[in-house]
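Inspection log for the structure reproduced underneath, given as structure tokens.
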Amino acid sequence: MGAQIDEAPSNQLGIIVVIPVHNEKDLLISLKSLANCDRPGCFCEVLLVFNASEDSDEEIISRNKAEKKKVQSWYDSQKDLCFKLFTIEQNNLPNKHAGVGLARKIGMDEATRRFNSIENMDGIILCFDADSECEPNYLVEIEKQFLKKPKLNAASIYFEHALKGDKFEESVYEAILYYELHLRYYKNALRYANLPYAYHTIGSSMAVRAKDYVLQGGMNKRKAGEDFYFLQRFTNNPHFHEINSTTVFPSPRPSDRVPFGTGRAIKEILLGQRDEKSSYAFESFTVLKEIFHEVDNWEETYPFSPYLKAFLGEKELRESINKIRSNTKNAEDFKKAIFTWFNAFKALKFVHFLRDNYFPNEPLAFSVPKLLKEINSNFKTGSEANNLLLALREIDKL
């Protein structure tokens with residue numbers, strides 16, 4: 001796909017925010033939130049990728065066009081914005097790939113092309129969503145963190161869902177409370193198990209340098225989970241970080257646009273198809289911790305955990321480790337290769353395997369306090385979901 005924007009970028013361009021837009025009606029809320037941001041030292045652009053599949057209903061195409069017109073009218077009426085706005089229209093994408101992954105890819109590829117045209121491949125690409133908002137220091141803090149850490153290649157940005165308000169029914173806010181609690185519990189349980197990829201992977205809360213975007217092969221075309229698969233290429237790397245000095249506020253709205261993710265989870269909770277108050281048993285993460293706490297010794301011995309052998313099969317386990325041994329020269333490379341092999345996706349599959357065969361899901365009111373007690377033995381909290389979530393938010397801000 002060739003260039004999407006004809007106008008040449010400023011030589012001072014340093015940040016490009018990419019936002020996929022599909023069948024939206026409140027995009028201005030997100031744009032006004034970005035417009036309210038403090039002005040960073042560099043020039044900024046916002047790229048809106050209006051997208052739909054070749055078989056989309058005419059109503060969706062019409063809404064995309066109407067929203068584009070409304071946004072352009074708003075932009076033309078503004079003065080002294082902290083960003084320049086561009087729109088990309090792709091309302092005839094092939095059905096096989098049409099979706100949020102391809103839309104992000106179109107925008108991020110264009111952002112990379114624009115940075116390359118001014119020879120600034122250190123430029124920052126931010127992933128945002130058409131239903132998200134942010135703190136006023138969003139652009140400034142992200143610019144500051146990338147300037148302060150020249151080797152920083154990508155980052156996960158701190159987020160919080162609204163837990164109350166008048167935009168949605170009370171049931172939606174209750175659902176997102178438990179879903180975010182599940183997300184933070186899982187991430188921090190992986191960190192308790194000492195796995196290197198214990199990071200949130202939220203599509204509206206990601207950042208990457210243009211050069212590293214290219215080095216890692218760009219965004220994928222997945223219709224859902226594109227954020228997880230994209231960021232897991234970076235998380236087993238010392239130059240991946242969390243940016244916790246600003247906040248993105250994703251929407252808690254229910255959605256059936258994707259087969260999984262936040263919107264689908266909220267819809268399933270509201271329909272009674274998902275038990276929002278339960279998650280993985282804490283024992284599953286104790287198993288993970290026991291398996292990998294001696295990973296430095298795997299160069300000499302095999303991990304004979306019965307759970308890992310049951311999951312992979314002893315033959316495959318031995319073959320995989322032998323292959324890693326033969327292809328690495330030192331302990332550091334060996335350990336990195338182990339976690340490239342047993343990556344974030346395989347860890348998730350293993351947790352599901354443990355859930356299905358050994359440790360059934362348990363209420364978050366039981367599992368989260370167990371985790372918090374391990375993180376800090378002096379930690380005192382009850383089992384109320386709101387308090388548990390606030391405690392994990394505080395931990396994630398550290």
Item checked: Members of segment 1-31 found to be touching a residue at least 40 places away in the same chain (Cβ under 8 Å) and among the charged types (D, E, K, R), listed by number -> 7, 24, 25, 26
Item checked: Single unsatisfied condition, residue 346 versus (1) under 19 Å from the mean Cα position of the chain (by Cα); (2) in contact (Cβ under 8 Å) with a residue 60 or more places away in the chain -> (2)
Note to self: I need the full set of residues from segment 287-312 which are within 28 Å of residue 332 (Cβ to Cβ) and without any contact (Cβ under 8 Å) to a residue 24 or more places away in the chain, in order please.
What the structure shows: 290, 291, 294, 297, 300, 301, 302, 303, 304, 305, 309, 312
Check: Could you count how many residues in segment 212-270 are part of a loop (DSSP other than H, G, I, E, B), buried (at least 20 other Cβ atoms within 10 Å of the Cβ) and among the aromatic types (Phe, Trp, Tyr)?
Finding: 1
Check: Does segment 79-95 contain at least one residue that is in the same structural domain as residue 201 (by TED's automatic domain parsing), in contact with a Ser or Thr (Cβ under 7 Å, 6 or more places away or on another chain), buried (at least 21 other Cβ atoms within 10 Å of the Cβ) and part of a loop (DSSP other than H, G, I, E, B)?
Finding: no
Note to self: Filter segment 271-307 down to the residues that are outside any loop (DSSP other than H, G, I, E, B), over 30 Å from residue 178 (Cβ atoms) and not polar (S, T, N, Q) and list them by number.
What the structure shows: 295, 296, 306
Margin query: Looking at residue 332 and the list (1) part of a helix (DSSP H, G or I); (2) farther than 19 Å from residue 195 by Cα; (3) at pLDDT below 95, which single condition is not satisfied?
Written below: (2)
Checklist line | All positions within segment 90-106 that are farther than 26 Å from residue 36 by Cβ, in contact (Cβ under 8 Å) with a residue 24 or more places away in the chain and not aliphatic (A, V, I, L, M) | finding: 90, 91, 92, 94, 95, 97, 99, 101, 105
Next item on the list: Take segment 295-338 and flag every residue that is of a type in the set (Phe, Trp, Tyr) and over 26 Å from residue 237 (Cβ atoms).
Entry: 302, 304, 307
Next item on the list: Tell me, please, whether a residue that is polar (S, T, N, Q) and in contact with a helix residue (DSSP H, G or I) (Cβ under 8 Å, 6 or more places away or on another chain) can be found in segment 126-143.
Entry: yes
Next item on the list: Determine if segment 207-217 includes at least one residue that is among the hydroxyl-bearing types (Ser, Thr, Tyr), under 12 Å from the mean Cα position of the chain (by Cα) and over 24 Å from residue 335 (Cβ atoms).
Entry: no
Margin query: Any residue that is of a type outside the set (S, T, N, Q), crowded, with 17+ Cβ neighbours inside 10 Å and more than 16 Å from residue 194 (Cβ to Cβ) - is there at least one of those in segment 280-302?
Written below: yes
Notebook entry, point to check: (1) of a type in the set (S, T, N, Q); (2) in a loop (DSSP other than H, G, I, E, B); (3) modelled with pLDDT of 95 or more; (4) touching a helix residue (DSSP H, G or I) at 6+ places or on another chain (Cβ under 8 Å): which one isn't true of residue 188, the others all being true?
Noted result: (2)
Check: Can you tell me which of 366, 345, 359, 379 is surrounded by fewer than 18 Cβ atoms within 10 Å (Cβ to Cβ) and not in a helix (DSSP H, G or I)?
Finding: 379
Notebook entry, point to check: So which residues in segment 107-131 are part of a helix (DSSP H, G or I) and either within 23 Å of residue 159 (Cβ to Cβ) or free of Cβ contacts under 8 Å to residues at least 24 places away in the same chain (or both)?
Noted result: 107, 108, 111
Check: Does residue 308 satisfy the condition of being out of contact with any helix residue (DSSP H, G or I) (no Cβ under 8 Å at 6 or more places or on another chain) and either among the hydrophobic types (A, V, I, L, M, F, W, C) or surrounded by fewer than 16 Cβ atoms within 10 Å (Cβ to Cβ) (or both)?
Finding: no
Item checked: Pair list, Cβ < 7 Å and 6+ apart or interchain, from segment 155-175 residues that are assigned by TED's automatic domain parsing to the domain that holds residue 386 and within 15 Å of residue 386 (Cβ to Cβ) to residues that are small (Gly, Ala, Ser) and surrounded by fewer than 17 Cβ atoms within 10 Å (Cβ to Cβ) -> none
Next item on the list: Mind telling me which of the residues 7, 24, 45 ends up being of a type in the set (Asp, Glu), farther than 20 Å from residue 213 by Cα and surrounded by 17 or more Cβ atoms within 10 Å (Cβ to Cβ)?
Entry: 24
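The values are calculated or read from the model by the stated rules, or taken from the named source; none is laboratory data. Please read all numbers here as calculations on a predicted model, not as lab measurements. Please note: Cβ atoms are built from the backbone with ideal geometry, for glycine as well, and neighbour counts cover all protein chains shown.
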